[in-house]
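Following: one structure in structure tokens, then a few remarks.
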Amino acid sequence: MTASVVGGPADAAARFLRPGTLNLAELPPLSLYVHLPWCLKKCPYCDFNSHASPGQDAGPAAGPHGLPEQRYLDALRADLEAALPLVWGRRVISVFIGGGTPSLFSPDSIERLLADVRARLPLEPGCEITLEANPGTFEAQRFRAFRQAGVTRLSVGVQSFDDQALQRIGRVHDAAQARAAVAEAREAFDTFNIDLMYALPGQTLPALRADLDTALAFEPPHLSVYHLTMEPGTVFATRPPAGLPDDDTSARMLDLIVDTSAAAGLQRYEVSAFARPGHRCRHNLNYWQFGDYLGIGAGAHGKLSFPHRVLRQVRWREPATYMDKALAGQAVSNEHEVARKDLPFEYALNALRLREGFTIEDFCAGTGLAPSALAVAIDRARQRGLLEPAVEDTPGPPGLPEAPGALRPQRVVASERGFDFLSDLQALFLPDDPGPRKGR
């Protein structure tokens, strides 16, 4: 059910704590996502909630690039304060500042943001704090200033080190800026991520190899590589670029990415994520493991668990509307409880992205459902070769029957075929009669 938010934060907290159909023995880890929605320019492939910066015509009260930094920070603080009753007593394991291009905000503004967060939420010792950065916003010493402001991990949206490829996908930076930004990130941070894209217009296997070689020469602790897709509502969806690689070429590109990254010591631990030991992204892992996350900022999504229900929330999308509503104590535009029948799909949609999959025990803990809720989907997936054969993590209880479909403690892992056809695998966990579904 989707509904507008009514009543105050304390009323909402009491409403979500009432008895329900689920029974979660304990709540999952909690992360915080903060959305900063502005970019220098909207990329033609981007379907995120991002908006071109107003520029210097925004007036004297605006900050760099015409952004209303201080008013937006006020709105974020009000949003967070209103949400506190929903997360009382819970510690935060990670913070992710995404966008948009968060590095458009000044280091002083990021420092204020993190100070506001720390004053209101208890952060775990060593809490991972990630900031997304664009090479087009790179300035000497800027990344070091973000580190001094409290950021512990930088994610640099390079996409490509090839000037022609960058122009074809509408990026605002060039290859020289990309190399300089990554070099600065390497100097300023103990852990950082490079974002690359493949299957770009006109891209060949040798061109992709050159991108990979350039990225890996910086010895990144973490690498994310995404297939360019034509997302609905984007410029590329209505006017696709010429020269896109065909499916066979794209598949060979992915093989090249996996093999080259492995040879450089980066383990593929998720569909699009590669990391050295000790450098997996804690925040994203929490998403994929069906952890909780409070999302604040324009258009931010959140997922919060309570003993008897799982809640999803969405903030107002347009930045101006969000600021007005958040400052009035009404940052949430809509929210809904995840239906019991939808939980297996919601869980599998995230957890099957992980190379290690998930355990039945983790599924039960995260959803409050019994193992039988997965039995039919798992049987179907194994019959189609999309899951690895059952492998027990621990011996089952004595006398547990070996009946068809009986679920003993085990790990559910996508097979190589399942990883290649992940959407088909995930769809098997949809309810048999889905009915009308709400978007996320």
Can you put Trp288, Trp88 in order of Cβ neighbours within 10 angstrom, beginning with the fewest? Trp88, Trp288
Of all beta bridges DSSP finds with both residues in the range 9-285, what is the antiparallel percent, to the nearest 5? 15 percent
Can you spot the aspartates and glutamates whose alpha carbon is less than 13 Å from Lys303's alpha carbon? Ignore those fewer than 8 places along the same chain. Asp292, Glu335, Glu337, Glu346
Packing-based exposure ordering (other Cβ within 10 Å, fewest first) of Phe143, Phe419, Phe290: Phe419, Phe290, Phe143
Counting only residues 5 or more places away or on other chains, whose amide H sits under 5 Å from the amide H of Gly99 once H atoms are built in the peptide plane? Leu36
Of the options Ala351, Val338, Tyr198, report the single residue whose Cα projects farthest towards the positive end of the charge dipole of the chain (beta-carbon charges: Lys, Arg +1; Asp, Glu -1). Val338
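Enumerate by residue number the GluC sites (Glu not before Pro) in the range 110-187 meeting two conditions: DSSP loop (anything except H, G, I, E, B), and at most 13 other Cβ atoms within 10 Å of the site's Cβ.
Hits after loop and neighbour filter: Glu139.
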Debye, to nearest 20: dipole size of the chain, +1 on Lys, Arg Cβ, -1 on Asp, Glu Cβ: 780 debye
Convex hull volume of the range 222-280 per residue (C-alpha atoms, cubic angstrom): 95 Å³
Given all pairs of distinct Cα atoms, the range 9-285 yields a Kirkwood Rh in Å of 20.2 Å
Part-to-part distance (alpha-carbon centres) for the range 81-132 and the range 260-289, which is given in Å: 23 Å
From the alpha carbon gyration tensor of the range 83-230, can you work out the equivalent ellipsoid semi-axes (sqrt of 5 times each eigenvalue) and give them in Å, largest to smallest? 31, 16, 14
The set of residues whose placed amide H lies less than 5 Å from the amide H of Glu128, leaving out same-chain residues fewer than 5 positions away, is Val95
Give me Tyr33, Tyr269 sorted ascending by neighbouring Cβ count inside 10 Å, so fewest comes first. Tyr269, Tyr33
The chain - mean residue ellipticity at 222 nm from DSSP helices (-39,500 (n - 2.57) per run, n ≥ 4, rounded to 500): -10000 deg cm²/dmol
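Read-outs: derived from the displayed coordinates by stated rules, not from any lab. Bear in mind that the values here come from a model prediction, so they are computed numbers and not experimental data. Note that each Cβ is placed from the backbone with ideal geometry, even for glycine, and that neighbours are counted across all protein chains shown.
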